[in-house]
Amino acid sequence: MIRPLIAGNWKMNGLLASLDIMREMESGLSSLQDKADCLICPPATLLASMAAEKSTSRLKLGGQDCHSESSGAHTGDTAAEMVADAGGSYVIVGHSERRADHGESSEIVATKMKAAFRAGITPIICIGETLDEREGGKTLDVVSDQLAVSIPDEASGTDFVVAYEPVWAIGTGKVATVEQVAEIHDAIRAALENRFGAQGAGTPILYGGSMKPENAAGLLALSNVNGGLIGGASLKAADFLAIYAACVSQL
């Protein structure tokens, strides 16, 4: 059985005062069953502070991106080793905003996954289609290609997490239907099993398209949805904990 993961991507949000949100999350987790992993990926400026303040191992921390190199003349970038050194055990790679805003190709994402492996942290690889690609009937082709190219040969199927994020549903108020989500997650599972065999059957697949307390239960009930990559709802402890509670209540 795959242990679910509820992960919060804070994006470019949060100051030192936001440590109170983390503390509230820690407090809330203590009253919920430990049946799923819980992760926050804050801005790089907060990662070390959160790690120093964190009082329970139940709340895991991660980075939002990493560079492919371990060090060097890369102004403004963060190495995977730096994420690990600051207290992160996960790192998001290939998020749609990185692909769109920074022109990151799947080939670049693959180098970042290798960097995460090198640093001993778990990459969460994001894949997903735009509205034009969905309306053009290209969803399965786009997702399959991103999955195939973004995952390096070094991967085993047990050392990374996949997050499907329909780009057209992120921050737009639109939410994919459970049927649409099920179709894509089933296709991702089939591709993982085809490439990694039995290990691919155990790769966690998260849904990353505006999961909220109101729709979490229905999405998390789908057979190949093993958690969520949460954006805006992870900035409010009550909403994030409600999603976590919806997850563990089904286990």
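Residues in the range 113-156 that are in contact with a Cys (Cβ under 8 Å, 6 or more places away or on another chain) and farther than 24 Å from GLU193 by Cβ: ALA115, ALA119.
Of the residues ALA80, ALA51, ALA100, which single one is touching a residue at least 40 places away in the same chain (Cβ under 8 Å) and surrounded by fewer than 18 Cβ atoms within 10 Å (Cβ to Cβ)? Break it down into steps so the answer makes sense when it comes.
Working: ALA80 fails: surrounded by fewer than 18 Cβ atoms within 10 Å (Cβ to Cβ); ALA51 fails: touching a residue at least 40 places away in the same chain (Cβ under 8 Å).
Every option except ALA100 fails the conditions.
Taken as a whole, the range 72-92 holds no residue that is under 17 Å from the mean Cα position of the chain (by Cα) and among the charged types (D, E, K, R).
Within the range 54-64, being more than 27 Å from GLN250 (Cβ to Cβ) and either without any contact (Cβ under 8 Å) to a residue 24 or more places away in the chain or surrounded by fewer than 21 Cβ atoms within 10 Å (Cβ to Cβ) (or both) holds for one residue alone: SER55.
Test ALA86 against the stated conditions and say whether it is among the hydrophobic types (A, V, I, L, M, F, W, C), on the phi < 0 side of the Ramachandran plot and touching a Leu at 6+ places or on another chain (Cβ under 6 Å). Don't jump to the end; show me each part of the working.
Values: among the hydrophobic types (A, V, I, L, M, F, W, C): yes; on the phi < 0 side of the Ramachandran plot: yes; touching a Leu at 6+ places or on another chain (Cβ under 6 Å): yes.
The answer is yes for ALA86.
Got a sec? Which of ALA245, ALA237, ALA155, ALA163 is under 19 Å from TYR90 (Cβ atoms) and in contact (Cβ under 8 Å) with a residue 60 or more places away in the chain? Show your work before the answer.
Details: ALA245 fails: under 19 Å from TYR90 (Cβ atoms); ALA237 fails: under 19 Å from TYR90 (Cβ atoms); ALA155 fails: in contact (Cβ under 8 Å) with a residue 60 or more places away in the chain.
Exactly one residue qualifies, and that residue is ALA163.
When ARG23 is tested against the conditions (1) among the charged types (D, E, K, R); (2) farther than 25 Å from GLY200 by Cβ; (3) exposed (fewer than 15 other Cβ atoms within 10 Å of the Cβ), the lone failure is (3).
Would you check which residues across the range 94-120 are part of a helix (DSSP H, G or I), within 18 Å of TRP168 (Cα to Cα) and either polar (S, T, N, Q) or within 16 Å of the chain's Cα centre (by Cα) (or both) and list them? Steps first, answer last, please.
Step one: filter the range 94-120 for residues part of a helix (DSSP H, G or I), giving 96-101, 106-119.
Subsequent filtering for residues that are within 18 Å of TRP168 (Cα to Cα) retains 96-101.
SER96, GLU97, ARG98, ARG99 - these are the residues of the range 94-120 that are part of a helix (DSSP H, G or I), within 18 Å of TRP168 (Cα to Cα) and either polar (S, T, N, Q) or within 16 Å of the chain's Cα centre (by Cα) (or both).
Among the residues of the range 121-138, is there at least one that is more than 17 Å from the chain's Cα centre (by Cα), part of a helix (DSSP H, G or I) and at pLDDT 95 or above? Taking every residue of the range 121-138 in turn, none turns out to be more than 17 Å from the chain's Cα centre (by Cα), part of a helix (DSSP H, G or I) and at pLDDT 95 or above.
Of the candidates LEU46, LEU5, LEU32, LEU19, the single residue that is touching a residue at least 60 places away in the same chain (Cβ under 8 Å) and farther than 21 Å from THR158 by Cα is LEU32.
The values are calculated or read from the model by the stated rules, or taken from the named source; none is laboratory data. Here the structure is a predicted model, which means the values were calculated and not measured. Positions of Cβ are generated from backbone atoms using ideal geometry, with glycine treated the same way; all protein chains shown enter the neighbour counts.
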